[in-house]
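The values are calculated or read from the model by the stated rules, or taken from the named source; none is laboratory data. Since the model is a prediction, treat every value here as computed from it, not as a measurement. Note that we place each Cβ from the backbone using ideal geometry, even for glycine, and neighbour counts take in every protein chain shown.
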Amino acid sequence: MRKILLFLILFLAIAIAFLNQIAFEKFLYWRFWWFDIMMHFLGGLCISLAVLWFYFYSGFFKSEFFDKKNKTNILFISVEVVLIIGCGWEIFEFFVGSIGDLPDTIKDLIMDSVGAILAAEFFLFNFYKKSDRISLTEIEN
């Protein structure tokens with residue numbers, strides 16, 4: 001199962017790179033208002049799946065910072081790392097002069113987070129231990 005997830009992450013990363021290249025060549029970010037939204041969603045999805053794979057399957061986290069059995073931690077790890085990277089990306093855009101206004105930045109971070117939440121749900125449903133499988137909507141506080 002870990003190899004399937006790794007191939008999915010690789011496929012998403014290649015698809016994002018391909019779409020980004022085509023978007024710059026064909027000015028798709030400026031032609032279609034929704035293209036940036038889609039790219040941020042896919043970026044959040046890919047980064048979140050990569051972080052979850054790295055945390056659960058890489059073997060680097062023998063002494064766990066988070067309890068791996070706690071489903072809330074999966075969501076927390078997923079969203080927090082994506083928000084940190086997304087904020088870094090928005091800062092990069094500011095320095096290269098391609099940042100939009102504040103509503104655009106907020107929309108970008110929201111779409112990054114939506115991708116991360118979907119990745120956490122997908123991870124829980126498909127790759128978490130089948131005996132421990134649970135949906136994020138079923139988490140009790």
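Residues checked against (1) closer than 16 Å to ILE16 by Cβ; (2) touching a Phe, Trp or Tyr at 6+ places or on another chain (Cβ under 7 Å); (3) buried (at least 17 other Cβ atoms within 10 Å of the Cβ); (4) at pLDDT 85 or above:
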{"position": "PHE66", "(1), (2), (3), (4)": "no, no, no, no"}
{"position": "GLY86", "(1), (2), (3), (4)": "yes, no, yes, yes"}
{"position": "LYS107", "(1), (2), (3), (4)": "no, no, no, yes"}
{"position": "GLU138", "(1), (2), (3), (4)": "no, no, no, no"}
* Asked: Mind checking whether some residue in region 53-63 is loosely packed, with under 11 Cβ neighbours inside 10 Å, more than 20 Å from SER113 (Cα to Cα), modelled with pLDDT of 95 or more and not aromatic (Phe, Trp, Tyr)?
  -> no
* Looking only at region 1-38, count how many residues are of a type in the set (S, T, N, Q) and surrounded by 11 or more Cβ atoms within 10 Å (Cβ to Cβ). => 1
